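K.L.:
Following this message is one structure expressed as structure tokens.
What follows is calculated from the coordinates using simple rules that are stated; it is not laboratory data. Quantities reported herein were computed from a predicted structural model and do not represent experimental measurements. Glycine gets a Cβ as well: all are built from the backbone with ideal geometry, and neighbour counts include every protein chain shown.
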Amino acid sequence: MKRSTWVFVWFALLTFLVTMSAVLSCLDDDDDDDEGKDDSDDDNDDSAGDDDSSAENPSGDFTCIGDVCTDSLSGLMWQNDSDCCYDWEDAKDHCDDLTWGGYSDWRLPSLSELRSLVRGCDATVTGGNCNVTDSCLNWDCRNTSCRGCDYYWGPGPDGRYWPEKLAGSGVWHWSSSPVADQINYAWYVDFNGAVVQNRDVWTIADVRCVR
């Protein structure tokens, strides 16, 4: 065979090998891309699942449906609004007479129940260092922790210290708990600063009923 023929044969063979190598490389790339797409789809599926779960329970332990919110931590059901303006006796009567969200067995919350709404202030959340609870309602039970936290830094709307999904005003909210050793005084919570304080029973404050 002539030298020129051998050169042509070798060149053709080399070209064939290079072409096949390129084809195989492309096939590998396609497989990798498919794998990447599968992983991405899986991630998207997981993400969609997380979104569904979040939509069902947007605040984790606190779920609001229309006019009523349920707190799975305390087991209490709350009015998803607050009413103004009542002195202490009228506040109790208001909740006793309230029909809301299809329920008619509402009542004014005790101080410990009202404190169970506090979020974002370690001093006055349930179990916090503020000593005023349903089992300690004397004036002397109040300590410096009951002063709460900096105003308007809570997780709720407008910086209130309650769950994010809870509606209503952040001013003083009456509890049903009287100051045990003082006549005509009762305990309340100011959710603008998560403050546990008391006022005379003729003071006008907001009301959020519980059941």
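K.L.:
For ALA180 and ILE65, calculate 0.36 nm times their separation in residues minus their Cα-Cα distance, and state this gained length in nm to one decimal.
P.N.:
37.8 nm
K.L.:
As an exercise, use a Förster radius of 22 Å and the Cβ-Cβ distance of ASP105 and ALA167 to find the FRET efficiency, rounded to the nearest 0.05.
P.N.:
Efficiency at R0 = 22 Å is approximately 0.55.
K.L.:
Once you list every other residue whose beta carbon is under 9 Å from the beta carbon of SER82, what net charge do they have if Lys and Arg are +1 and Asp and Glu are -1?
P.N.:
Taking every Cβ under 9 Å from that of SER82, the sum is -2.
K.L.:
In region 153-191, which residues have a backbone nitrogen under 15 Å from the label point lying 7 Å from CYS136's Cα in the Cα-to-Cβ direction?
P.N.:
Answer for region 153-191: 180-181.
K.L.:
Any number yet on Rg/Rh for region 89-187, C-alpha, Kirkwood?
P.N.:
On the Cα set of region 89-187, Rg over Rh gives 0.98.
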